[in-house]
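First comes the structure, then the notes that go with it.
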Amino acid sequence: MAALTATAAIGLCCLAPTQDSSASAPLPVPAGEHVRPRAGAPALPAGLSALSFVVADARTGKILAARDAHRRLPPASTLKTLFAVTALPHLRADDRHTVSEQDLAGIGPGSSLVGVEAGHTYQVSDLWRGVFLSSGNDAVHVLASLNGGWEQTAAQMQAEARRLGALDTEVVSPDGYDTPGQVSSAFDLAVFGRAGLARTDFAEYCSTPSAQFPGGGGSYGIMNTNRLLSGSDGVARYPGIIGIKNGFTSNAGNTLIAAARQGERTLLVTVMNPQSGGGFEVYEEARTLLDWGFGAWDHVDAVGSLEPVRPTRAAHRPQETRTAQAVAVEPAGVTSEQESSWPVAGSVAGGLAVTATLVVLARRRSERTRAGRPKR
């Protein structure tokens, strides 16, 4: 099952860009609930209790529906997606590290843990599975230590959020632990999830339902706490589910970033803090929104975009259009060892190469022209 799910996630590489992916003017997402149905569109589900949500096309960034997309709320462990997007490019999966007591210092009381032990040597990939499956704050602390330290990692995450156009997010604790001042939004979480899915390693980790984790003289089984993926605790597994990350704290309530693929379509849904139902209501509301999104795909116009506002255009836009800002097609930190899995990235690279060629030719013409002119 894990291999099949990972294969489905990596299948994102095969998605072809559409006209939406090159839209020149991202649309704003104002406050309130928004959908722009055409004839034959299914009604947006009634009775949704989440304080905010976003339904988006994961490849093009087209937002199909949203409720208070930029409402700043505690993100809980969904913030680990930003941690992964930030730190994955800097840490080699096959490196090994012997954990020290200092690595584990400062873990908040009541944190979710995967069971990392001081004195034990772990492979970095095992620690990442501890982050994605068990939402282990202990694994986050060790990886942050390898990434330069807790405060430096928080600063890197903040910078990465701004680079991606996620303006609602304030990072204080990289693991998502309840901390005064730490907030994000349904919009920003969609940005982080989409940026993560552009990396094959992120897609593999977030789509893994279960794994073995080192410990106790051998290893023990861990299961992904995202019930839409694992199909546990009475929550049915969603067809075509990819991942991505769930979260819960007493302050944030339940939060979720979910992605699923049906045919050539991949939907990204974020749900923050449902106000009714039990602890698993977040999964059922995400399921309802995924069902609606796949049904409404060809019958709604965009209410916004996860594509970035270009700086030259943003300078001339009203302040409220900041709500349209989001992820670039190719996320930061992609190296030659870990190429982006989004095919548009190849097109972007090709465009840059053509641009560079034109610049060189222009410079040569300019130099030849200047050579025939008198000096002044």
Residues in segment 205-225: is at least one farther than 30 Å from residue 101 by Cα, out of contact with any His (no Cβ under 8 Å at 6 or more places or on another chain) and in a strand (DSSP E or B)? no
When segment 167-198 is examined, which residues are found to be closer than 24 Å to residue 93 by Cβ and in contact with a Pro (Cβ under 7 Å, 6 or more places away or on another chain)? 176, 195, 198
Filter result for residue 69 (assigned to a loop (DSSP other than H, G, I, E, B) and in contact with an Asp or Glu (Cβ under 7 Å, 6 or more places away or on another chain)): no
Please find, among 159, 190, the residue that is open to solvent by less than 10 Å² (accessible area, probe 1.4 Å) and not in a loop (DSSP other than H, G, I, E, B). 190
Of (1) open to solvent by 30 Å² or more (accessible area, probe 1.4 Å); (2) in a strand (DSSP E or B), residue 122 fails just (1)
Give me the pairs, please: first residue somewhere in segment 46-61 and touching a residue at least 12 places away in the same chain (Cβ under 8 Å) and among the aromatic types (Phe, Trp, Tyr), second residue anywhere and part of a loop (DSSP other than H, G, I, E, B) and crowded, with 19+ Cβ neighbours inside 10 Å, beta-carbon distance under 9 Å, and either six or more positions apart or on two chains. 53/68; 53/69
Taking the stated definitions as given, is residue 176 in a loop (DSSP other than H, G, I, E, B) and surrounded by fewer than 24 Cβ atoms within 10 Å (Cβ to Cβ)? no
Exactly one condition in (1) crowded, with 24+ Cβ neighbours inside 10 Å; (2) over 15 Å from residue 305 (Cα atoms); (3) at pLDDT below 95 is not met by residue 32; state its number. (1)
Consider segment 124-146. How many of its residues are more than 19 Å from the chain's Cα centre (by Cα) and touching a residue at least 40 places away in the same chain (Cβ under 8 Å)? 4
Can you name every residue in segment 98-119 that is closer than 20 Å to residue 216 by Cβ, open to solvent by 40 Å² or more (accessible area, probe 1.4 Å) and not in a loop (DSSP other than H, G, I, E, B)? 98
Test residue 305 against the stated conditions and say whether it is polar (S, T, N, Q), modelled with pLDDT under 95 and in contact with a Pro (Cβ under 6 Å, 6 or more places away or on another chain). yes
So, of the residues in segment 225-242 that are open to solvent by less than 10 Å² (accessible area, probe 1.4 Å) and not hydrophobic (A, V, I, L, M, F, W, C), which turns out to be farthest from residue 72 (Cα to Cα)? 238
State the number of residues belonging to segment 138-156 that are surrounded by 17 or more Cβ atoms within 10 Å (Cβ to Cβ) and among the acidic types (Asp, Glu). 1
Of the residues in segment 201-224 that are open to solvent by 40 Å² or more (accessible area, probe 1.4 Å) and among the hydroxyl-bearing types (Ser, Thr, Tyr), the one that is farthest from residue 66 (Cα to Cα) is 219
Collect the residues in segment 243-299 that are within 23 Å of residue 108 (Cβ to Cβ), assigned to a strand (DSSP E or B) and open to solvent by 50 Å² or more (accessible area, probe 1.4 Å), keeping them in residue-number order. 248
Of everything in segment 147-156, what is touching a helix residue (DSSP H, G or I) at 6+ places or on another chain (Cβ under 7 Å) and part of a helix (DSSP H, G or I)? Give them in sequence order. 150, 153, 156
From 210, 173, grab the single residue that is under 24 Å from residue 278 (Cβ atoms), touching a helix residue (DSSP H, G or I) at 6+ places or on another chain (Cβ under 8 Å) and of a type in the set (Gly, Ala, Ser). 210
Please determine, by comparing only the residues of segment 300-312 that are more than 18 Å from residue 31 (Cα to Cα) and of a type in the set (A, V, I, L, M), which one is most open to solvent (accessible area, probe 1.4 Å). 309
Residue 96 of a type in the set (D, E, K, R), in contact with a strand residue (DSSP E or B) (Cβ under 7 Å, 6 or more places away or on another chain) and closer than 22 Å to residue 143 by Cα: yes
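The values are calculated or read from the model by the stated rules, or taken from the named source; none is laboratory data. The shown structure was predicted, so the numbers you read here are calculated from the model rather than taken from an experiment. In this analysis, Cβ positions are derived from the backbone assuming ideal geometry, glycine residues included, and neighbour counts consider all displayed protein chains. Each accessible area value is taken on the protein alone, full model and side chains, heavy atoms only, with ligands, DNA and RNA left out. Shrake-Rupley method; radii C 1.70, N 1.55, O 1.52, S 1.80 Å.
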